[in-house]
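Trainee: Pasting a structure here, questions to come.
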There are 2 protein chains.
Amino acid sequence: MERTALQLRSLVKKSGELELSLTRVPVPDPAANEVLVRVEAAPINPSDLGLLFAGADVTQATQLGTKDQPRVTARVPDAALKGMTARFDQSMPVGNEGAGVVIEAGSSEAAQALLGKTVAVLGGAMYSQYRCVPVEQCLVLPAGATPAEGASSFVNPLTALGMVETMRSEGHTALVHTAAASNLGRMLNRICLQDGIALVNIVRTPAQVESLRALGAAHVCDSSSPTFVHDLIEALSTTGATLAFDAIGGGKLAGQILTCMEAALSRKATQYSRYGSATHKQVYVYGGLGQGPIELNRNVGMAWGVGGWLVTPFLQKIGPAGVQRLKQRVAAELKTTFASSYAGEISLAEALDLGTIAIYGRSTTGHKYLINPNKDVGGHH
Amino acid sequence: MERTALQLRSLVKKSGELELSLTRVPVPDPAANEVLVRVEAAPINPSDLGLLFAGADVTQATQLGTKDQPRVTARVPDAALKGMTARFDQSMPVGNEGAGVVIEAGSSEAAQALLGKTVAVLGGAMYSQYRCVPVEQCLVLPAGATPAEGASSFVNPLTALGMVETMRSEGHTALVHTAAASNLGRMLNRICLQDGIALVNIVRTPAQVESLRALGAAHVCDSSSPTFVHDLIEALSTTGATLAFDAIGGGKLAGQILTCMEAALSRKATQYSRYGSATHKQVYVYGGLGQGPIELNRNVGMAWGVGGWLVTPFLQKIGPAGVQRLKQRVAAELKTTFASSYAGEISLAEALDLGTIAIYGRSTTGHKYLINPNKDVGGHH
């Protein structure tokens with residue numbers, strides 16, 4: 001008798017209709033080097049929302065199905081649809097990372113060693129009740145850590161560590177980060193405090209300024225303040241930061257950061273250069289919290305760059321040994337440096353509730369949810 | 001008795017006033033390894049206009065002085081003024097490059113060998129009747145070449161060659177170029193034809209399409225055409241170009257190029273990637289023909305970059321031997337690959353005439369002037 005369990009799926013039809021649903025998928029027996037994980041916590045990261053919602057405006061979505069078997073449909077705008085031909089009419093599982101308990105293990109020694117352990121998994125399809133994954137995709141959590149505590153062991157921690165490593169490898173000595181009050185931002189703040197790296201935190205409200213200062217941040221600039229540009233130039237002058245990681249992307253912020261970096265550099269200039277400072281100023285856009293075009297003013301000299309940044313190519317660049325080194329640090333500091341917090345825990349069915357979607361769909365700081373695929377439902381059938 | 005000659009100067013006062021004038025400067029005796037060049041042709045490149053006009057709106061300029069000793073004043077906008085504190089109240093000479101005849105030489109063998117030769121000079125301050133420069137800054141023109149033919153031996157040729165070398169060193173195999181009907185664009189087109197590199201030429205009028213096709217260009221896209229985006233995607237698909245050099249900067253074009261590159265790449269994608277194509281797409285902005293902010297849409301995946309590009313840091317990167325190799329090619333192909341054309345030849349005084357400024361100040365394709373600092377005036381006094 002085949003055993004099955006629930007999995008959350010996202011489907012974009014050629015017609016432009018997005019359909020979210022729960023589906024029953026087979027639960028395989030683990031092969032020699034695999035383990036079967038009962039997933040108990042998987043965060044809804046901004047990086048999951050792109051695959052999940054496919055750019056659709058979910059405030060206009062329609063609720064279908066039943067409470068236990070909900071379905072949600074919405075329209076994908078034509079502009080977004082163009083880039084999605086390769087996923088048309090394929091029902092796709094979602095959820096980059098999560099954590100749970102190993103309930104079955106393959107015959108290999110490495111797999112058997114994980115039996116009963118709580119592990120974090122970077123495997124995709126984590127919005128599933130059960131995931132069968134190779135041993136290498138598991139990170140054993142420190143004793144006593146719950147799945148909820150280990151659910152975000154990869155995306156945010158490796159991204160934050162990747163920013164620091166990129167800073168060093170590209171010859172910068174300090175950092176700027178936007179959306180700095182986010183889980184990722186607080187994590188980066190803790191890493192920088194620990195490693196002695198000057199960090200300029202850009203946030204969007206006075207309350208976020210206070211919360212970051214309370215966490216020991218020395219440089220916090222509020223983009224909603226009338227003195228923002230002045231404050232940012234001061235902070236950049238003091239820290240010498242010439243590299244920024246920007247979660248927002250759309251709008252003027254990336255350009256403002258470059259402009260302020262150039263202003264901070266030109267303060268120190270001893271002679272006029274018609275091409276501006278020769279020091280390279282870089283903004284890496286790693287998120288898309290702000291929709292709409294990125295606007296860059298030209299008062300930044302000629303030594304500047306803006307570009308996309310993703311953790312996966314970075315991990316490929318540093319190779320398996322580098323990744324292992326970072327993962328060990330994450331495990332060792334899981335409850336301190338790499339701690340995350342969540343607004344709440346929801347079931348797979350609740351993840352397809354329009355009211356809940358309205359909250360997590362905006363990826364606002366302080367509204368991150370954890371999905372517990374085994375919250376309300378029993379085991380596999 | 002000190003001898004003097006005329007030099008064009010640009011002065012930005014702390015008050016925000018720009019003043020262009022002709023001034024008399026001493027003509028030095030060349031040191032052992034120097035030569036004195038009577039400058040007979042110096043182009044007004046877009047890269048000279050920044051230093052010359054300091055961002056002032058010269059359509060609102062005021063003509064002062066006399067016909068022989070003209071002065072022009074204009075206001076530098078406050079926004080532009082911020083980045084110029086380092087040049088306040090310093091009268092600055094202008095003119096990156098030019099050519100002329102060596103009329104005096106220092107005692108060294110190398111200097112003596114240049115006596116009577118027609119040379120191109122990359123030395124700054126070339127809008128001067130006489131320039132005393134080290135031998136190393138001279139490029140001896142081929143026999144029979146006039147100063148006018150050699151006036152643009154450096155900025156455009158080394159920039160065009162730099163684009164091709166950058167393409168190779170960063171792992172791209174084809175190029176996109178904007179403002180492709182310019183002197184630089186036609187030069188790049190000839191280099192690419194000769195070197196067998198696929199080049200996508202972006203121009204702004206149907207007439208420019210014709211002129212480039214007449215020069216053998218295979219891929220020409222007119223940004224004023226309603227089918228521009230479609231045409232560009234086709235050309236990018238055919239050539240596989242993932243690197244563009246953009247002379248314009250302001251506006252939507254740089255972003256459109258990235259969008260079309262991503263569209264061309266996603267056509268060839270065999271499976272859906274939520275982050276778009278993993279192939280890096282790059283636009284280097286090397287000019288500022290378009291003022292206003294650069295607008296980048298986000299439908300380009302995550303593997304993209306936009307940044308400033310200048311020939312000088314590129315030349316530093318390839319080192320003296322690399323530069324020498326490029327210069328030799330320029331001299332050998334001066335009248336073919338690296339030929340330039342001009343709308344007219346003007347004197348130093350004419351360069352400060354408001355009517356003339358109104359033409360060359362816009363740096364429109366087909367309106368490039370050569371300054372001949374010895375056109376109307378006699379020798380030095």
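Trainee: Give me the dipole magnitude in Debye, nearest 20, for the stretch B:289-381 about the Cα centre, with unit charges on the beta carbon: positive for Lys and Arg, negative for Asp and Glu.
Mentor: So the dipole magnitude of the stretch B:289-381 works out to roughly 500 debye.
Trainee: For chain A, with a Gaussian network of springs between Cα atoms less than 10 Å apart, report the residue from A:A180, A:A145, A:A247 with the top mean-square fluctuation.
Mentor: Maximum fluctuation in the GNM of chain A, among the listed residues, is at A:A145.
Trainee: B:L265 accessible area, nearest 10 Å², 1.4 Å probe?
Mentor: 40
Trainee: So how strong a dipole does the stretch B:23-177 carry about its Cα centre when Lys and Arg Cβ are +1 and Asp and Glu Cβ are -1, to the nearest 20 debye?
Mentor: Charge dipole of the stretch B:23-177: 400 debye, to the nearest 20.
Trainee: For A:A79, which inter-copy label distances result when the label point lies 7 Å beyond Cα on the Cα-to-Cβ vector, reported in nm to one decimal and in ascending order?
Mentor: 2.3
Trainee: What shape does the stretch A:148-235 take by its C-alpha gyration tensor, where a ≥ b ≥ c are the square roots of the eigenvalues and a/c under 1.5 counts as rounded, a/b above b/c as prolate, and the rest as oblate? Spell out each step's value before the answer.
Mentor: Details: a/c = 2.12, a/b = 1.30, b/c = 1.63.
The shape class here is oblate.
Trainee: OK, next. Normalised by the residues of chain A, what does the relative contact order come to in percent, with Cα pairs under 8 Å and at least six apart?
Mentor: Details: 820 pairs, mean separation 71.9, N = 381.
The normalised contact order for chain A reaches 19 percent.
Trainee: For the pair A:L64 and B:A143, how long in nm is the line joining their label points, each one 7 Å along Cα→Cβ?
Mentor: My value for the distance between the label points is 8.4 nm.
Trainee: Answer rounded, prolate or oblate for the stretch A:231-381, using the Cα gyration tensor with square roots of eigenvalues a ≥ b ≥ c: rounded when a/c is under 1.5, else prolate when a/b is larger than b/c, else oblate. Show your work: numbers first, answer last.
Mentor: Values: a/c = 2.85, a/b = 1.94, b/c = 1.47.
The shape class here is prolate.
Trainee: Label points 7 Å out from Cα along the Cβ direction at B:A321 and A:K375: separation in nm?
Mentor: 6.5
Trainee: I need the shape label for the protein assembly as shown. Rule: rounded when a/c is under 1.5, else prolate if a/b > b/c, else oblate, with a, b, c from the alpha carbon gyration tensor.
Mentor: The shape class here is prolate.
Trainee: Counting C-alpha atoms alone, how compact is the stretch B:151-200: give Rg to one decimal and Dmax as a whole number, in angstrom.
Mentor: Over the stretch B:151-200's Cα set, Rg and Dmax evaluate to 10.2, 33 Å.
Trainee: While we're on this one: What percent of all Cα-Cα pairs in chain B falls in each 10 Å bin, counting up from 0?
Mentor: 5, 22, 29, 25, 13, 4, 1, 0
Trainee: Report the residue, chosen from A:N183, A:N201, A:N297, that carries the largest GNM mean-square fluctuation when chain A is represented by alpha-carbon nodes joined by springs under 10 Å.
Mentor: Per the Cα network of chain A with a 10 Å cutoff, A:N297 tops the list.
Trainee: Tell me which of B:T66, B:V76, B:M92 sits at the most positive position along the dipole axis of the stretch B:52-108, charges placed on C-beta atoms (Lys, Arg +1; Asp, Glu -1).
Mentor: Result: B:V76, furthest along the dipole toward the positive end.
Trainee: Right, next: Inside 10 Å of the C-beta atoms of A:272-279, what's the mean count of C-beta atoms belonging to other chains? If you can, show how the numbers build up before the last one.
Mentor: Numbers: counts 10, 4, 13, 7, 4, 1, 4, 0.
Taking the mean over all residues of the peptide, I get 5.
Trainee: Normalised by the residues of the stretch A:236-301, what does the relative contact order come to in percent, with Cα pairs under 8 Å and at least six apart?
Mentor: Dividing the mean separation by the residue count of the stretch A:236-301 yields 52 percent.
Trainee: Given contacts defined as C-alpha pairs under 8 Å and at least six residues apart, what's the relative contact order of the stretch B:104-259, whole-number percent?
Mentor: Averaging sequence separation for qualifying contacts and normalising by length gives 19 percent for the stretch B:104-259.
Trainee: How many Lys pairs in chain B lie less than 23 angstrom apart by Cα atoms, where the lysines are 8 or more positions apart or on different chains?
Mentor: Pairs that pass both the separation and distance tests number 15.
Trainee: Okay, next question. Using 19 Å as the cut-off for backbone N distance, which residues of the stretch B:201-242 belong to the label zone defined by a point 7 Å from the Cα of B:R362 along Cα→Cβ?
Mentor: B:203-209, B:223-225
Trainee: Looking only at other chains, what is the average number of their beta-carbon atoms within 10 angstrom of each beta-carbon in B:302-313?
Mentor: Rounded to a whole number, the mean comes out at 6.
Trainee: If r is the Cβ-Cβ distance from A:T270 to A:E2 and R0 is 56 Å, what FRET efficiency results, to the nearest 0.05?
Mentor: 0.15
Trainee: Could I ask something else about it? Kindly compute the accessible surface that chains A and B hide from a 1.4 Å probe when together, both sides summed, and give it to the nearest 100 Å².
Mentor: Values: alone 16840 and 16840 Å², together 30630 Å².
Roughly 3000 Å².
Trainee: Find out how many positive minus negative residues lie around A:G50, taking Lys and Arg as positive, Asp and Glu as negative, among other residues whose Cβ is under 12 Å from that of A:G50.
Mentor: +2
The values are calculated or read from the model by the stated rules, or taken from the named source; none is laboratory data. All values derive from a computational prediction rather than experimental measurement. Cβ sites come from the backbone with ideal geometry, for glycine too, and all protein chains shown count toward neighbours. Heavy atoms of the whole protein, side chains included, go into the accessibility calculation; ligands, DNA and RNA do not. Shrake-Rupley method; radii C 1.70, N 1.55, O 1.52, S 1.80 Å.
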